[in-house]
Amino acid sequence: MAETYDAGPIRRTRLVVDTGAYRRFEATYRSGRVRVSGILLVPRGAGPFPAVVLNHGYIDPAVYVSGQGLAREQDALARAGFVVLHTDYRGHAGSDPIPNSDRETRLGYTRDAINAVLALRQEQRVDPTRIAMLGRSMGGGITYNVLVAQPGLVKAAVVYAPVSSRFEDNLRQFVIPGRPEAARRLFARHGTPRESPEFYAGLSPRSYFDRITEPVLIHHGTSDDSCPIAWSRATRRLLRAEGVDVRLRIYPGEEHAFGPQWALSMRRTIGFLRRQLAG
């Protein structure tokens with residue numbers, strides 16, 4: 001929250017495809033001293049266009065490839081007239097590497113998402129006053145982090161099947177059972193949640209929900225066994241208690257990845273973003 005952010009301009013490194021509706025580029029930008037890779041989609045036309053930063057969910061960095069995780073959203077948003085910057089985060093794809101110990105707090109990824117917005121503001125065909133953020137799963141948690149760390153940075157946020165806004169929930173659901181070595185490193189450095197409750201509360205965006213100034217749209221399926229819908233219900237309740245404009249859209253039977261009802265969710269997302277970024 002106290003940091004000063006420094007983003008470099010987006011550099012297009014390769015044109016991947018020209019669909020006629022938009023062009024898709026491999027790209028990089030500077031997030032402080034770190035080079036971050038990503039995918040940039042630019043609609044045809046003069047602009048300036050509204051824009052959206054995409055924050056993808058957890059994919060093992062060892063197998064992750066640039067732009068992975070939100071391909072459907074990239075295409076739908078670009079066709080709807082939004083410039084899209086999908087950030088790979090540091091330590092992924094063509095980005096600069098980072099120590100394993102820096103991955104679990106997600107704070108570096110949060111810095112990269114903040115700087116992605118600042119990089120987009122430097123794009124000639126982007127309206128710098130009309131930028132939003134969309135995150136999925138882990139990327140939903142990163143989106144919450146951005147909203148509390150930098151109120152007013154974006155005009156609206158959308159999250160899909162997000163992780164819990166309580167860091168300890170995610171630690172117990174994902175890190176301890178799935179990446180025990182990472183959990184041991186975290187505990188050796190900072191203590192366990194029982195030993196250091198203030199540290200883990202400090203990593204929980206819900207501790208700072210009173211700072212959020214932007215409207216938030218949450219999509220969550222009732223059959224999500226990766227990120228239980230109870231997490232989003234708790235987040236909605238806590239956001240409302242702080243006066244945040246939040247809506248939770250519930251999809252009966254939908255699982256974590258979203259299947260049959262994804263198209264409906266995207267129509268709702270695009271309508272929400274158009275309303276919030278109008279003018």
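Assorted remarks:
- Of the criteria (1) under 30 Å from Pro50 (Cα atoms); (2) among the basic types (Lys, Arg); (3) in contact (Cβ under 8 Å) with a residue 60 or more places away in the chain; (4) surrounded by fewer than 13 Cβ atoms within 10 Å (Cβ to Cβ), which one Arg237 fails: (3)
- Search result, residues across the stretch 200-230 that are out of contact with any Pro (no Cβ under 8 Å at 6 or more places or on another chain), in a helix (DSSP H, G or I) and more than 14 Å from Asp169 (Cα to Cα): Tyr208, Phe209, Asp210
- Every residue from the stretch 38-68 that is under 13 Å from the mean Cα position of the chain (by Cα) and of a type in the set (Asp, Glu): none
- Which listed residue, of Gly141, Gly178, is touching a Lys or Arg at 6+ places or on another chain (Cβ under 7 Å) and either more than 20 Å from Ala27 (Cβ to Cβ) or of a type outside the set (Lys, Arg) (or both): Gly141
- Counted residues, the stretch 1-18 - those being part of a loop (DSSP other than H, G, I, E, B) and free of Cβ contacts under 8 Å to residues at least 40 places away in the same chain: 2
- In the stretch 15-28, of all residues being touching a strand residue (DSSP E or B) at 6+ places or on another chain (Cβ under 6 Å) and not β-branched (Val, Ile, Thr), the one that is surrounded by the fewest Cβ atoms within 10 Å (Cβ to Cβ) corresponds to Leu15.
- Set side by side, the residues Ile98, Ile39 differ, and just one is part of a strand (DSSP E or B) and either crowded, with 21+ Cβ neighbours inside 10 Å or modelled with pLDDT under 95 (or both), which is Ile39.
- Test for Tyr64: is it buried (at least 23 other Cβ atoms within 10 Å of the Cβ) and outside any strand (DSSP E or B): no
- Matching entry among Val17, Val65, Val52 (being under 21 Å from Pro99 (Cα atoms) and modelled with pLDDT of 95 or more): Val65
- Here is the figure for the stretch 242-258: residues that are among the small types (Gly, Ala, Ser) and within 20 Å of the chain's Cα centre (by Cα) total 1.
- Considering each residue of the stretch 253-267 in turn, at least one proves to be touching a Ser or Thr at 6+ places or on another chain (Cβ under 7 Å), crowded, with 21+ Cβ neighbours inside 10 Å and among the charged types (D, E, K, R).
- Once the stretch 82-117 is narrowed to residues that are among the aliphatic types (A, V, I, L, M) and more than 27 Å from Arg267 (Cα to Cα), the residue that is farthest from the chain's Cα centre (by Cα) is Ile98.
- Test: residue in the stretch 257-275 that is in contact with a Leu (Cβ under 6 Å, 6 or more places away or on another chain), among the aromatic types (Phe, Trp, Tyr), modelled with pLDDT of 95 or more and more than 22 Å from Leu107 (Cα to Cα): yes
- Residue that is surrounded by the most Cβ atoms within 10 Å (Cβ to Cβ) [pool: residues in the stretch 170-228 that are among the acidic types (Asp, Glu) and under 24 Å from Met133 (Cα atoms)]: Asp224
- Subset of the stretch 139-155 [surrounded by fewer than 23 Cβ atoms within 10 Å (Cβ to Cβ) and in contact (Cβ under 8 Å) with a residue 60 or more places away in the chain]: Val148, Ala149, Gln150, Pro151, Gly152, Lys155
The values are calculated or read from the model by the stated rules, or taken from the named source; none is laboratory data. From a predicted model like this one, the values you see are computed outputs, not experimental measurements. Don't worry about glycine lacking a Cβ; one is built from the backbone with ideal geometry, like all the others, and counts go over all protein chains shown.
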